[in-house]
Amino acid sequence: MNSETGFDPALYDRFPTEKQPDEDVEELNRIWAAPKGWGLLTAVNNNYIGFWYVATSFLFFLLAGILALGMRVQLAAPMQEFLPQDTYNQFFTMHGTVMMFLFAVPAVEAIGVMLLPQMLAARDLPFPRLSAYAFWAYFVGGLAFFCSLFVGLAPDGGWFMYPPLTSETYSPGLNADFWLLGIGFIEISAIAGAVEIIVGVLRTRAPNMTLDRMPMFAWAMLVFAVMIVLAFPAVILCTMLLEIERAFNWPFFDPTRGGDPMLWQHLFWFFGHPEVYIIFLPAAGLMSVMVTSIARTELIGYRLNVLALVATGFISFGVWAHHMFATDMPAVSTGYFSAASMAVSLPAGIQVFCWIATLASGKVQSTTPAHFVIGSIVTFTMGGLTGVMVGLVPFDLQVHDTYFIVAHLHYVLIGGMVFPMFAAFYTWAPMTSSKALSDKLGKWIFWLMFTGMHVTFLPMHLTGFMGMPRRVYTYLPGRGFDVLNLTSTIGSFILGAGILLFLFDLARNFRFSTEESAGNVYRGGTLEWLPSGLYSTRSIPVVHSRQPLWDNPNICDEVEEGRYFLPNAPTGTRETLITSPIRAEPQYVQLMPGPSPWPLAAAVFTAGFFLSLTVQAYMFGIFCGVIAVFSVLRWLWETDRPLPDKKEVDIGGGIMVPVAITGPKGHGWWALNVLMVVLGMIAFMAVFAYLYLYGINPEVWIDPPSLGETALIVGANGVALACTWIGRWILKRRAGGYAHDAPWVFQAIAAVILAGSLYLDMTGWQDIGLRPTESGMGAIVFMLMVLQGQVVIISLIMAAYLGFREARGLLTTPTNVTMDIVARFIAYSAIQGTALTLLPRLFLGG
Amino acid sequence: MIDALWGWPPPVLDPAGPYSERVTILAWVLLAMALVVTLIVVIALWIAVKGPDSLKRKLGGEKTVWIGGIAFPGVVLSVLLVWGLMMTGSLSEPITGKEMRIRVVGEMWWFRVQYLDNQGRVVMDGANEIHIPTNVPVVLELTSADVIHSFWVPHLSGKKDMIPGRVTLLRIEADRPGVFGGVCAEYCGGPHALMGFVTVAHEPEEWKQWAVQRNIALGEAIEPFGSVDVAGALPVVDDDVPPRIPPTPIVGEAARGRALFMSVGCAACHRVAGTEANGLAGPDLTHVGSRRTLGAGILPNHLGTMMGWIGDSQAIKPGIRMPSYDRLPAEDIAAMAMWLEQQK
Amino acid sequence: MKSRITRQVPGRGLGLPGLARAGALTALALVSACKEPPTTRRMPDSAAASRGLALIDKVGCGACHEIPGLDWPKGRLGPSLAGFDDVGLIAGHLPNRPGTLAAFIRNAPAVKPGSTMPPMPLTEEQAADIAAYLYGIDND
Amino acid sequence: MDGPIDQPQNWRTLVYAFGIWLIHFGAAYSGELIFPNQSAARWVAAGATLIALAALFWLWKRGEDHSTLGLLAIGIATTGVIYDALPPLLVW
């Protein structure tokens, strides 16, 4: 098979074409120009959002690092009083939470937002306003969350927040609520980012950049984003459960009323372990890209590496309970997770040896990135090996929850993510700065950080063997821990000195600029080193190899002269080329939205909404929530524009493609599908929670309401499903004419029916005496309805939005992107509603 | 003292019983494996970066990945997995129900210890100190009264979580007499760092004496330390056993201390068998005078430390639920401490 | 008869009247002005002192006293022992001499009837070591 | 190494192989969750293992000329399935 979409690959031979007129560049500059002054805050271009995103995540790295130094001072000697007990407990909780949620995940996502469009030679990510929203939600929410530390309200239940310690009984303050708040933001921005990255990597690659030629970083980000979509729903659900238990006393985790604290651990770690790979894989992708430029040679084992990434993505979903070996899991169960933990080490080994082989096959330049990359391989290997050790149950039971684990996880995370990130800073800073960072200073920074890292964490293995548990604010004198802890503290300050020196390097050399760049200092071979402006590259090249810049020395000039795809702006607005997911064949030109204040407003009011709920200012919260929803709709209003006069445009070389598109080929369809996977995973996790609680406490289960009522609800949902289909059918029948009300009215009827059937479901359970506060069954059954309630509310809002658009004459026939999305979402709601209704009413009723 | 229990040699590598011993062998093998693999990677990196061209050429190909990244780890991981699973199996052999049973309840932030008879009834209460005979497998019934804790005596066995609403079982066995420290390993808020206990392993004869001293009448029909059957090492006690008489006569200051203990509020949280003190919130103090530690394994136990603990426990272990009795005159505290120290 | 437990400055906690303390300090200053090193006043054996600190830790003196050099515990039931070598009288009564101090540490009620400090589980040599440490505390 | 990932046969083999691993893992673990410490769980695991191995065998037979990439994916997934078949055999 030579073509995926019917596109003739022979057309690629038309490129490079003639040199295109220079006036087109000026038009591109005008179209993509960023707003000036304060207006810059409304920018949505990835050059800005990506940079702010990286900078913010680095800020959180520094803040969490300062917390770590405070903790190390406290632990330098036994029974010190540098940090009082409750402050220390807040510090270590915040250190873990901020490092994992506000630094590591956003940092890799940020690097993705910044680098991916350039690496794929796209004009921008497919949903720039969504990126802006994700960033602002993270920025505002993250800072608000961190500030809880200054008023003594920071969470203190550990970054894993095990109930019942974090339940209302044992954590009555707002502290735990702030944790849930902070995590809420990162859930939003992570999911938004994942949608962006999946669609971006699969649909906006340069033509002919097939899956086999994609930069390893893009591969890693694709796997990363899919993992986020599958793993984050678990943490979304468990934070909802905990917040509802705390606020409304629904006993999900309370064993005295038929809940179970272990439910939290399963849900949390189902997210929590993939999370580690979510952090590591993108960094590994960066490593693969960097070893090629360090060794000046192709990556050895490119396909092995892809295999390793995909294998890791799958297997990492079978290791979550290795955090729970010490709970009362059956021994055979621990065996499954132990086996999967061994299996997941294989792909990691493949990657490490790919890097070593690549380095050996080329000539390694002694640069700062090379230092960090090699340091990372050594450190990550050591962390991986201790990981294999703790994968064995009997050994894990000895070192679990001791400083041995602290050492292990820091080796993995610093070696696997922080060192690669610093290597990446040095490698890619010249792309966004008019001056490169100092390579000489960089080596000093590396040696300080590398030495500091090992002096800090190597002794901790022994501290753990000596029996020092984790998460202790102090330890007793005379237990032999003193010298080791003092060594660790000294090491942490050496590490800190390295980072301080990096800040100095940044201050001295880093000058953010979108106009000029310091150039390809380390001579990378991928597309981000093409000459670029805010519009990315002048023209989008045809890709024939994995290192196009090495293989075609003239490519920079050819791209600059507009001799490839989209050398101009054929529709006169922001746009990018959408290509097919596997072979990257040009499909259509996507129109892109420009700067807008609405994503920023939506983010600020989302933050206001969650913050108000946390401090129990409910009225103000609702007010913020309404404005946030309005802002989102307002920003979407402009994204589905009526088509320009031209239905097809020339994208270069006389190749004509359509402008905008609906249905399975469209990027919006892909994004909606990803979103439905997220919602489906949340529902799936809730089903797991239901079955789990039933398995643990079947004695609190009562008989369900009558079958007739169940049939009525299911029937109503079926009618709703039919209505969504009828609405689209009518719209199609009106081809060429005016849409009229019928299509959207049918969607509205569907949404209202769904609301009605949910109401029936709820009153049915209430009539037989089930109350959410009384038992684990009540809590989880009503929780299923809460989840359904959420999608029903969104359905109602969507139907109303569709009505507005129709009133403004924006409902185009025969197909329309907004209609498409609304109808599909409501149909999804009907299916989810049916499933969630049937589960408790039919299965194991009593 | 418990101080001596930690430090060198590391308890994880210094087994005192059959369960921890096998884990120790595994630990040494794993450490050796980690060291060897790290060396291999470091040498390979050195060759890749600085090594002679001939070696570099050998290393710089996909073959390296097949050997170093697939075949070698595959073999090592498979062997380790099989060994680890077999050990998991042998360490979790089913509990016969004939083992000696002790219930340990995690509380914020101490351990309640209850010795059970073979019917599962509590025959003696204690806190933060577990006495076991050597060479007898002991099954601990672990649970929690509030949040999740974790029980860990590194010399004897791996750890096991104490989960509210559940009873988890952990088997321990000591093969030499000694005093082994333990801690709570799961973060449980507040002064989690200062939540410890001691496990004392006695020679069987000595343990029997210890039990007899505590007025636990050993039934005639049961010989707890016979060669095979250790069922119900603590025998059935009739429900109508008369309350234990405190061993020392109450005279002078101690008598005043006893009266104070009952009147100033201690009795509301603490129980001393044979007296009207019947509180259940705090540790049982029936035998407090004979315990090795105070404050959940953190202080030695004698008259002086007892006074300091009663007078200002918050200064020693901040955040605990026992208030500092710093309003009381020192003489009163001394009297109470004297009486408590007599509760052997 | 009953003394209230007080959390006061160390000097007052030991019952040393302010005036007498000031006088003693002045006298000490005069003496030390003509003698060479002030520490020669009582020359504690450093080996004994370090044994003493270990014993203080082991026995748990900190449960009631704040003792310089001991990180934890810092009990507040008894007086702080910071600046102990400057104190003229033990517990406001006894001359602060090594022998007396050791005896007091070991069995306070016997040396000073009515003391609320209980006897300590220590041998004579151990008590002497602790006394040596306490004399080594130098807060001047 | 041969096996361009943009060829459907290759990327599908990759995804299917590890998908089979994940389903096998889920089935075996669910068995233990539903029948903790009972022999029924071992039967579930044994059945799941047989089906998974059969599926991997089918995946191997399906393509006439498997690339090295596809074979390695099937190989690693099979290793994973065998690893997860061990606990019910070895942990008694």
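The values are calculated or read from the model by the stated rules, or taken from the named source; none is laboratory data. The shown structure was predicted, so the numbers you read here are calculated from the model rather than taken from an experiment. Here the Cβ positions follow ideal geometry from the backbone for every residue, glycine too, while neighbour counts run over all protein chains shown. For the accessible areas, the whole protein counts, side chains as well, though only heavy atoms, and no ligand, DNA or RNA atoms are used. Shrake-Rupley method; radii C 1.70, N 1.55, O 1.52, S 1.80 Å.
Right, B:Val75: at the interface with chain A (Cβ under 10 Å from one of its Cβ atoms) and in a helix (DSSP H, G or I) or not?
On the way: at the interface with chain A (Cβ under 10 Å from one of its Cβ atoms): no; in a helix (DSSP H, G or I): yes.
Judged against the criteria, B:Val75 is not a match.
Residues in region A:105-157 that are in a loop (DSSP other than H, G, I, E, B) and either β-branched (Val, Ile, Thr) or open to solvent by less than 10 Å² (accessible area, probe 1.4 Å) (or both): A:Ala121, A:Ala122, A:Arg123, A:Asp124, A:Leu125, A:Pro126, A:Ala154, A:Pro155, A:Gly157. Each residue in region B:139-166 was checked for being more than 11 Å from chain A (Cβ to nearest Cβ) and without any contact (Cβ under 8 Å) to a residue 40 or more places away in the chain, and 1 of them qualify. Only one entry in A:Thr402, A:Thr451, A:Thr463 is farther than 15 Å from A:Val276 by Cα and surrounded by fewer than 22 Cβ atoms within 10 Å (Cβ to Cβ), namely A:Thr451. Write out, first by first residue and then by second, each pair whose Cβ atoms fall under 6 Å of each other, whose residues are 6+ apart or on separate chains, and whose first residue, in region A:126-140, is in contact (Cβ under 8 Å) with a residue 60 or more places away in the chain while the second is part of a helix (DSSP H, G or I) and charged (D, E, K, R). The qualifying pairs are A:Phe127/A:Glu196; A:Leu130/A:Glu196; A:Ser131/A:Glu196. Just checking, does region A:246-263 include any residue being within 13 Å of chain B (Cβ to nearest Cβ), surrounded by 22 or more Cβ atoms within 10 Å (Cβ to Cβ) and at positive phi? Yes, region A:246-263 contains at least one residue that is within 13 Å of chain B (Cβ to nearest Cβ), surrounded by 22 or more Cβ atoms within 10 Å (Cβ to Cβ) and at positive phi.
Take the conditions farther than 26 Å from A:Gly452 by Cβ, in contact with a Cys (Cβ under 9 Å, 6 or more places away or on another chain) and open to solvent by 10 Å² or more (accessible area, probe 1.4 Å) and apply them to A:Leu165. Does it pass? Yes.
Within region B:169-183, restricting attention to residues that are more than 7 Å from chain A (Cβ to nearest Cβ), part of a strand (DSSP E or B) and not small (Gly, Ala, Ser), which residue is nearest to the chain's Cα centre (by Cα)? The extreme case among them is B:Phe180. Would you mind telling me which numbered condition in (1) charged (D, E, K, R); (2) more than 30 Å from B:Ser313 (Cα to Cα); (3) open to solvent by 10 Å² or more (accessible area, probe 1.4 Å) B:Lys160 fails? The failed condition is (2). Within region A:719-741, is there a residue that is touching a Leu at 6+ places or on another chain (Cβ under 7 Å), in a helix (DSSP H, G or I) and open to solvent by 40 Å² or more (accessible area, probe 1.4 Å)? No; the residues of region A:719-741 include none that is touching a Leu at 6+ places or on another chain (Cβ under 7 Å), in a helix (DSSP H, G or I) and open to solvent by 40 Å² or more (accessible area, probe 1.4 Å).
Any residue in region A:11-33 that is surrounded by 16 or more Cβ atoms within 10 Å (Cβ to Cβ), under 19 Å from the mean Cα position of the chain (by Cα) and in a helix (DSSP H, G or I)? No, because not a single residue in region A:11-33 is surrounded by 16 or more Cβ atoms within 10 Å (Cβ to Cβ), under 19 Å from the mean Cα position of the chain (by Cα) and in a helix (DSSP H, G or I). Residue pairs whose Cβ atoms lie under 7 Å apart, separated by 6 or more positions or on different chains, with the first residue in region B:167-188 and buried (at least 24 other Cβ atoms within 10 Å of the Cβ) and the second assigned to a strand (DSSP E or B) and of a type in the set (Asp, Glu), are B:Glu186/B:Asp161.
Does C:Pro73 satisfy being in a loop (DSSP other than H, G, I, E, B) and crowded, with 18+ Cβ neighbours inside 10 Å? Yes: the conditions hold for C:Pro73. Just one of the listed residues (B:Gly17, B:Gly84) is surrounded by 20 or more Cβ atoms within 10 Å (Cβ to Cβ), modelled with pLDDT of 90 or more, more than 30 Å from A:Val291 (Cα to Cα) and more than 8 Å from chain A (Cβ to nearest Cβ), namely B:Gly17. Before we move on, is B:Leu328 within 8 Å of chain C (Cβ to nearest Cβ) and part of a loop (DSSP other than H, G, I, E, B)? Judged against the criteria, B:Leu328 is a match. If you go through region A:610-627 and keep only what is part of a helix (DSSP H, G or I) and open to solvent by 10 Å² or more (accessible area, probe 1.4 Å), you end up with A:Phe610, A:Leu611, A:Leu613, A:Thr614, A:Tyr618, A:Met619, A:Phe620, A:Ile622, A:Phe623, A:Gly625, A:Val626, A:Ile627. Here A:Leu41 meets the list (1) open to solvent by less than 50 Å² (accessible area, probe 1.4 Å); (2) assigned to a helix (DSSP H, G or I); (3) among the aliphatic types (A, V, I, L, M) almost entirely, failing just condition (1). Please specify each residue of region B:38-53 satisfying the condition of being free of Cβ contacts under 8 Å to residues at least 24 places away in the same chain and within 10 Å of A:Thr381 (Cβ to Cβ). Once the filter is applied, which keeps residues that are free of Cβ contacts under 8 Å to residues at least 24 places away in the same chain and within 10 Å of A:Thr381 (Cβ to Cβ), region B:38-53 yields B:Thr38, B:Val41, B:Val42, B:Leu45. Screening D:Pro4, D:Pro87 for residues that are over 29 Å from A:Pro581 (Cα atoms) and facing chain A (nearest Cβ under 7 Å) leaves exactly one candidate, D:Pro87.
Sort through A:Ser341, A:Ser316, A:Ser345 and tell me the only one that's more than 8 Å from chain D (Cβ to nearest Cβ), surrounded by fewer than 24 Cβ atoms within 10 Å (Cβ to Cβ) and under 20 Å from A:Glu275 (Cβ atoms).
Values: A:Ser341 fails: surrounded by fewer than 24 Cβ atoms within 10 Å (Cβ to Cβ); A:Ser316 fails: surrounded by fewer than 24 Cβ atoms within 10 Å (Cβ to Cβ).
From the options A:Ser341, A:Ser316, A:Ser345, the qualifying one is A:Ser345.
Scanning region A:332-371 for residues that are closer than 14 Å to D:Glu32 by Cβ and touching a residue at least 24 places away in the same chain (Cβ under 8 Å) yields A:Thr334, A:Gly335, A:Ser338, A:Ala340.
Each row is one residue, and each column tells you yes or no for (1) at negative phi; (2) open to solvent by 40 Å² or more (accessible area, probe 1.4 Å); (3) not in a helix (DSSP H, G or I).
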position	(1), (2), (3)
A:Ile749	yes, yes, no
A:Tyr759	yes, yes, no
A:Met777	yes, no, no
A:Ile780	yes, no, no
A:Val786	yes, yes, no
A:Ile797	yes, yes, no
A:Leu802	yes, no, no
A:Thr813	yes, no, yes
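Does region A:597-609 contain at least one residue that is modelled with pLDDT of 90 or more, outside any helix (DSSP H, G or I) and open to solvent by 10 Å² or more (accessible area, probe 1.4 Å)? Yes, some residue in region A:597-609 is modelled with pLDDT of 90 or more, outside any helix (DSSP H, G or I) and open to solvent by 10 Å² or more (accessible area, probe 1.4 Å). Kindly evaluate A:Leu241 against the criterion of being touching a Phe, Trp or Tyr at 6+ places or on another chain (Cβ under 7 Å) and assigned to a helix (DSSP H, G or I). Judged against the criteria, A:Leu241 is a match.
Table: residues versus (1) more than 26 Å from A:Met94 (Cβ to Cβ); (2) over 23 Å from the mean Cα position of the chain (by Cα); (3) modelled with pLDDT of 95 or more.
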residue	(1), (2), (3)
A:Arg123	yes, no, no
A:Ala144	no, no, no
A:Trp159	no, no, no
A:Glu168	no, yes, no
A:Ile188	no, no, no
A:Ile191	no, no, no
A:Asn208	yes, yes, no
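Within region A:364-398, the set of residues being open to solvent by 10 Å² or more (accessible area, probe 1.4 Å), part of a loop (DSSP other than H, G, I, E, B) and facing chain B (nearest Cβ under 9 Å) comprises A:Val364, A:Ser366. The residue of region B:193-208 that is least open to solvent (accessible area, probe 1.4 Å), among those that are within 13 Å of chain A (Cβ to nearest Cβ) and out of contact with any strand residue (DSSP E or B) (no Cβ under 6 Å at 6 or more places or on another chain), is B:Leu194.
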